[in-house]
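Here the structure is laid out as structure tokens; the discussion comes afterwards.
Readers should treat all values here as calculations from the given coordinates under stated rules, not as data from a laboratory. Keep in mind that this is a model prediction, so the values were computed, not measured. All Cβ positions, glycine included, derive from the backbone under ideal geometry; neighbour counts span all protein chains shown.
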């Protein structure tokens, strides 16, 4: 399997699937569930790569220090673009400096 190459320190965007009765203001691709009680949608999460693991997974960290392990080939994962960095600069700039998981 061909892994996308990510390096520690890369800023990434993860499109996290969610479902609730009331999607938030950042919800995208909102779809009602079959019975209509909930909505399925995605929310863009802005994370940073802290470590590339031996199996090709990535240790990602949120702005508040929580960590997630995600496969590098996850279709919901992508590098942040220059447009993302401009449009969401306040959210991408809030990463704790000096946090190093691992």
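With Rg and the Kirkwood Rh both taken from Cα atoms, where does Rg over Rh land for the range 11-92?
Rg/Rh for the range 11-92 comes to 1.03.
Return the Cα extents of the range 1-50 along principal axes one, two and three, sorted largest first, each rounded to a whole Å.
Ordered largest first, the range 1-50 gives principal extents of 42, 27, 14 Å.
Between residue 25 and residue 71, what is the label-point separation in nm under the 7 Å Cα-to-beta-carbon projection?
Each label point is offset 7 Å from its Cα along the Cβ direction, giving 3.6 nm.
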